């Protein structure tokens, strides 16, 4: 096991840098969107000019309509870029159920409007709505709502680097072919699972293995390291108000499970 020593966890947070500043990200998204819009306008003009001139007397009819829509969309993009998107979090669930109800209603005869052999629209007076378009926004908000739990994970970066390194090192010592690492956040509790398909750890040794200087026999019959790796893992998790345990893995070997409470928002 690793012989890393521990210091008490730092109180300062350690943000992970993505290499992109906010301005850089916005410029990248704006450039990509503009390029896609430009290519779309060229394709629309190329595909519709002949038919538009033949039917409506103007080769640029559909091109102009698309251009107006693109300008409106870009203005909306610039406006919404100054809006705090976190406020939309509260709309995720209501919008999801509203959209689902709209999708079902569109399929009901007498309620949904059928056109071109398919029922995709709902009519409210002079306004026609296509629920599937609203579903795109709902899906984005719901996905972001679910994935945002990862933003709530708070821990000492250096300690958890050691925790993960020691658990992986232990797994590589005993695994035959496969190692699995899983992280999830449920009911305000972070859970880290490290599984391997090795021989596993006998039940009578599962508590003792977290004691300092305790080593079980390696698969090859040799002992390596100092027997401190799992003891360090235990102390690091306990410093975060959690606990670590080992059990039988679905892969057939050992499953190390570390849990600790998520920090409040």
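No lab work stands behind these numbers, since they all come straight from the coordinates. Nothing here was measured: the structure is a model prediction, and the numbers come from that model. We place every Cβ from the backbone using ideal geometry, glycine too, and count neighbours over all the protein chains shown.
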Among (1) more than 19 Å from residue 137 (Cβ to Cβ); (2) within 23 Å of the chain's Cα centre (by Cα); (3) surrounded by fewer than 11 Cβ atoms within 10 Å (Cβ to Cβ), there is one condition residue 50 misses while meeting the rest; what is its number?
(2)
Please work out which residue is nearest to residue 85 (Cα to Cα), limiting yourself to segment 102-129 and to residues that are surrounded by 12 or more Cβ atoms within 10 Å (Cβ to Cβ) and free of Cβ contacts under 8 Å to residues at least 12 places away in the same chain.
104
